[in-house]
Each structure stands twice: as C-alpha cells, then as structure tokens.
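The values are calculated or read from the model by the stated rules, or taken from the named source; none is laboratory data. Note that the structure is a prediction, hence the values are computed from the model and not measured. Cβ placement follows ideal geometry from the backbone for every residue including glycine, while neighbour counts extend to all protein chains displayed.
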Amino acid sequence: MAHILARYKLALVAGACAALGLGAPGVAHTAVADSRLAVVSAARPGYQCVPYMNIETFKPGRPGSVTVRLDGYIVTYSAKGFQYYQMLSYPGSLKVSEGTRNWALPAPADPNDLYSELGGLCVMQFGTDPAPVLLAEGYSGGAHCCEGPTFYVYSAITGGYGVSEDLTKPGVGDDVHWNPNDGFQPVKMGTAVVLETSDGAFAYAFGCYACTPAPTRLFIMANGQLLDVTTRYPAMIRSEAGAAWKSAVQAMRSAGDAGYVEGPLAEWAADSCELNAGAQMWRALGQLQAQGKLTAAERDSGEKEPFPAELKTFLLKLGYCQGQL
C-alpha cells in the first residue's frame, strides 16, 4: 500500500506542477454514485433502498406505508400522508420482521420538528454485523436542505433493534464530516457497501454553494458507530482531486472566471491531504499566489488575509492536513 500511495502523491504533484503553467493534470474524474439513493441487488454485502423520488404519493391525512427488503429482512415505514406534498409524514413508525421475529423500532427524535417528509428508507449489510443496518432519513425541503438520518442496528444483548446514530438531534454528528444537504447514500465500492456523503462544512466557505465543491466522505457502520473509511479508497480521492484541479485551472485561464478558483482549490487541497500530499499541495499554492493567479479571487471575496492562509486555518480546524502543513 505504501508504494501505491507514493505513486498517487507523485502523480498528484506532477499534475499540479504541470498545471502551474496551466497544463491539465493527468487524472480523470469518475462519478462514484448518483445524487440520490439508488437500488442494487441484495447480495451480501449489499443494500436495498426506497429513495425519495420512488416513494408513492399519498392522500393528505390518510395512512400509508413503504417497504424495503434485504435477505429475508422486511422493513416497513408507516405514517399519514403529509398535508402539503402528498408524501409520507416524518417521523413515522418503523417495523422490522425476519422469519418469525418482529421488532417495533423507536421513532426518530426530530426534536426541532425540522423534517416533515420521509426522505428515504434503506436496509444495508456492511459485512461487519450479522444483521443489517437500517437508515431512515427525514426531509425538510428547501434549497440545498436538509436530510435528517437515523441509523438503527441490531443488538444481540437486547435481542432487538435500537437507534445507534440519530443525526436529527442538535449537536449530534458535529464531529462527523457529512453533508445535511445530501444525507447518506449507500453505494458499492468494489465488493463493499459504504455510505457516501460529502463534507458539508465546505458549503459557501469559499464562494457560492455551487462554487465550493465539497470533498467526498465515505463511511461504514461498525459496532454501532459511523466509521470514516474515506482514506481506504485512494483512487477515488485521487480522481476527485484531479477533477478539482482541472476546474481550478480552467477558472485561472479565464479572466471572467478567475474569481471562482478558491472553491475547487479548497476541495483539491483537502483531497491532497487525504493522500498525505499536503506539503506538496502547500508549495503549489504558494507558487500560484506568487504568480498572481489568486489575486482576482482574493479581491472579489474581500478576504482580510491571503487565500492560502485562510484555507490553512479552515482545513486544520476541520482536521485535514494535520502534521502536513
């Protein structure tokens, strides 16, 4: 693995150095997953989901339910139709059955009454637990917002399912790099199932929402806790870093787009540190600033300090690049 990571760092730095002369890096971006929850076959490890767009419409106030199945497990969410959008209200009731066993699950908390509709329902097998993990997401509606995930895991001690992570509660998940605008989407990475999201702290950090792409984060549920496994997939990180650098180069080439370079550079910098290439990334940023390629963005944003310094503070506060800058 060490020699593979070394090759990734060399390729990343080579692409950066080439792009300092506005040459394109030698990496290509491939999408990891669709923007919404997807459905794949129920092989172990595997998952099945009912995404938001596939939830049937229900008459306001009338009872309704959706069901998802995986390897003999049947998960049913029941609620009344939401009065405005004819979707299922949230939170509702959850039941799980497997053979002759049946469990009634506690409803998601949603203490601030933020989520009005069911945003998605998934049953997932990560290969780390004998029974599948359940995910119910509330949806608030609105621009760029918001998903409220609640995870349930089976306990051999209690003989039933209970809440393991309820991110609808204020303050819960503040130390997790996830994006409330997208929630979590299970995807297959090789033979493994992972939960895909992005780092929501990047939203609007260096420009408009669309101007500041967020680095992808991957998780699994292990021993009842969300575990960040992003760095186990360096090829995905490298591809994303290459795409971010390409976007930055294109912005620097255009006088009209030069003010939008900070967002993709921030994503590229975070991904570089995830590849343990933070020192090389920092030198490349210094060269860009010396060449005046960050001047337009710094002027347009009205920043009080140079972009590299502001970016360094931002990344270190989030836990990126520790010991590399």
**Fill in**
For T230, the lone unmet condition from (1) at pLDDT 95 or above; (2) over 30 Å from S155 (Cα atoms); (3) hydroxyl-bearing (S, T, Y) is (2)
**Restricting the range 231-257 to residues that are touching a helix residue (DSSP H, G or I) at 6+ places or on another chain (Cβ under 7 Å) and among the polar types (S, T, N, Q), the residue that is nearest to L294 (Cα to Cα)** = S247
**Residue that is out of contact with any helix residue (DSSP H, G or I) (no Cβ under 7 Å at 6 or more places or on another chain), not polar (S, T, N, Q) and not in a loop (DSSP other than H, G, I, E, B), where the choices are L285, L226, L265** = L226
**Request:** Return yes or no: is D174 over 21 Å from E267 (Cα atoms), surrounded by fewer than 20 Cβ atoms within 10 Å (Cβ to Cβ) and out of contact with any Cys (no Cβ under 6 Å at 6 or more places or on another chain)?
**Result:** no
**Prompt:** Looking at A279, is it in a helix (DSSP H, G or I) and surrounded by 23 or more Cβ atoms within 10 Å (Cβ to Cβ)?
**Reply:** no
**Message:** Can you pull out every residue in the range 117-127 that is hydrophobic (A, V, I, L, M, F, W, C) and not in a loop (DSSP other than H, G, I, E, B)?
**Reply:** L118, L121, C122, V123, M124
**Boolean, L114 is touching a Ser or Thr at 6+ places or on another chain (Cβ under 8 Å) and either surrounded by 14 or more Cβ atoms within 10 Å (Cβ to Cβ) or not in a strand (DSSP E or B) (or both)** = yes
**Message:** Of everything in the range 204-227, what is at pLDDT 90 or above and in contact with a Phe, Trp or Tyr (Cβ under 8 Å, 6 or more places away or on another chain)? Give them in sequence order.
**Reply:** P213, A214, P215, R217, L218, F219, I220, M221, L226, L227
**Fill in**
Condition set buried (at least 19 other Cβ atoms within 10 Å of the Cβ) and of a type in the set (F, W, Y), scope the range 180-206, selection nearest to L316 (Cα to Cα): answer is F202
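Here's the yes/no breakdown for (1) touching a Pro at 6+ places or on another chain (Cβ under 6 Å); (2) part of a loop (DSSP other than H, G, I, E, B):
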residue	(1), (2)
A131	no, yes
C145	no, yes
N179	no, yes
D182	no, yes
V193	yes, no
G207	no, yes
R217	no, no
M221	no, no
